[in-house]
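The values are calculated or read from the model by the stated rules, or taken from the named source; none is laboratory data. On a predicted model such as this, the values are computed, not experimentally measured, just so you know. All Cβ positions, even for glycine, are placed from backbone atoms using ideal geometry, and neighbour counts span all protein chains on display. Calculation scope for accessible area: heavy atoms of the full protein, side chains included, ligands and nucleic acids excluded. Shrake-Rupley method; radii C 1.70, N 1.55, O 1.52, S 1.80 Å.
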Amino acid sequence: MIVTGREVINMSISLGLEDVFIKYTSLTSIDGEKGELRYRGYDIKDLVEHCSFEEVAYLMFYGELPKRDELEHFKSNVMKNYKIPENVKNIIKNMPRDGDALAIMEAAFAALSTEEYTWEKERDREKAAEIMGRALGIVSAVFRYRDGREIKDPENKGYAEAFLNACFDSGIDEDKIKAMNAALILYIDHEVPASTTAALVASSTLSDMYSCVTAAIAALKGPLHGGAAEAAYKQFLAIKSPENVDSWFNENILNNKKRLMGFGHRVYKTYDPRMLIFKELARKNAKTDEQKKILELAERLEALGVKNFGQKKIFPNTDYYSGIVFNEIGFPLYMFTTLFALSRVVGWVAHISEYVESEERLIRPRAIYIGPEKRDVVPIDKR
């Protein structure tokens, strides 16, 4: 009960908007109790096993998996946007070399938001393909710039292969391409977390698509959202060796009550299905002694975490093993969140298109006032 003036208001708020539903969607369904995730009705495991990233992106944008001719047309529209404009390259190259990779990506997307845009269903799909292509060019350019190398224009190849070839000069094999393709699919969408909500708020004002994505990137940048894979991997590095897992866990988690990074999810009450796929990818791509050591460490820590917290329905989430996979592909720690964003661009664009085309209602919540009653201003000399 809130008392304001002479009114008594019976209201409550939901901190963090927990369990508040803000839209209808046909994009993604989650069963947190069973540990199931589906894109437009398709199980995530089946999509990873049988589809390319472009096929799943098409599914998210158009509602159905594409036929071959539809896929080729869509891929062509995406590929022609791989090469980013020179002014965007210059913005990237004028950022601090050691700057946050996601912040550089954010600046690049903001630079693409200068054109006027009017929402229109068919044109929105063309714009979605454009943004997907631009994201590949931007993220690969950000990586090469941060890595101290010249930016390289992507080749006209499939998305995962084109991205890795634009990032690296050598060492790209079929296993890494398949792992990158799977990772991109796994991170496409997850209903309406903070970044998607930020994009939806922007889209509800009928802002342009690039600005909506920029808003989403800004929300993703926070360590409570996009930084989870980075935090989990830093945890593995701090433990250093599989032999240290038990003592580290007892000291830090049990005795000092620190958070076990990569564990727990607001939605899932069992294993995150994406985590199980990332774990298999991590096993398959652990080639060097260092990679095998990190994997063994993570598996030992997972077993301890499940033993101690599983009865509370706290299990590993997708970020627990994803950083290991990204590192096995060849990416450093500072790129993990930006790789998340590269994939999630598709989900953001699919959600904002769905919202504008079906709801077209400004998102404008209210706040309950709990401040002082009416007060008179006292001139400064009499305060």
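For Phe263, the residues whose modelled amide H falls within less than 5 Å of its own, excluding neighbours fewer than 5 places apart on the same chain, are Asn317. Fully extending the segment from Glu122 to Lys374 would add 85.5 nm, taking 0.36 nm per residue of separation and subtracting the current Cα-Cα distance. When you filter the trypsin sites (Lys or Arg not before Pro) in segment 38-112 for DSSP loop state and at most 12 other Cβ atoms inside 10 Å of their Cβ, you are left with Lys67, Lys80, Arg97.
Normalising by the residue count of the chain, find the relative contact order in percent from Cα pairs under 8 Å and 6+ residues apart. Before the final figure, lay out the partial values.
Values: 521 pairs, mean separation 85.9, N = 383.
22 percent.
Among the listed pairs Lys80/Lys292; Lys34/Lys292; Lys83/Lys221; Lys67/Lys269; Lys80/Lys284; Lys23/Lys157, a Cα-Cα separation exceeding 27 Å is found for Lys80/Lys292; Lys34/Lys292; Lys67/Lys269; Lys80/Lys284; Lys23/Lys157. Subtracting the Cα-Cα distance of Arg68 and Asp19 from their residue separation scaled by 0.36 nm leaves 13.7 nm.
Per residue, how large is the accessible surface of segment 179-220? Use a 1.4 angstrom probe and give square angstrom.
Details: 840 Å² over 42 residues.
Here the per-residue accessible area is 20 Å².
A Förster radius of 56 Å combined with the Cβ-Cβ distance from Lys157 to Arg364 puts the calculated FRET efficiency at roughly 0.80.
Which length gain, in nm to one decimal place, applies between Lys80 and Lys240 when the Cα-Cα distance is subtracted from 0.36 nm times their residue separation?
Values: separation 160, 0.36 × 160 = 57.60 nm, distance 4.39 nm.
Full extension from Lys80 to Lys240 adds 53.2 nm.
Each Lys or Arg adds one and each Asp or Glu subtracts one; over the other residues with Cβ under 11 Å from the Cβ of Phe340, this totals 0. Where in segment 237-266 is the amide nitrogen less than 13 Å from a point lying 7 Å along the Cα-to-Cβ axis of Ala303? Residues passing the 13 Å test: 242-246.
Probe of 1.4 angstrom, ligands and nucleic acids ignored: what's the accessible area per residue over segment 115-178, in square angstrom? Don't jump to the answer; show the numbers that get you there.
Values: 2860 Å² over 64 residues.
Ligands and nucleic acids excluded, the result is 45 Å² per residue.
Dividing the C-alpha radius of gyration of the chain by 2.2 N^0.38 Å, with N its residue count, gives 1.07.
In percent, how large is the relative contact order of segment 53-202, given Cα pairs closer than 8 Å and 6 or more residues apart? Mind dumping the intermediate values first?
Details: 135 pairs, mean separation 40.4, N = 150.
Contact order relative to length: 27 percent.
Dividing the summed helix terms, -39500 (n - 2.57) for each DSSP H run of n ≥ 4, by the number of residues in the chain produces a 222 nm estimate of -16500 deg cm²/dmol to the nearest 500.
On segment 176-318, 53 percent of the accessible area sits on carbon and sulfur atoms, based on a 1.4 Å probe.
What accessible area per residue, rounded to a whole number of Å², is obtained for segment 310-383 using a probe radius of 1.4 Å? List each step's numbers first, then the result.
On the way: 3990 Å² over 74 residues.
Normalised by residue count, the accessible surface of segment 310-383 is 54 Å².
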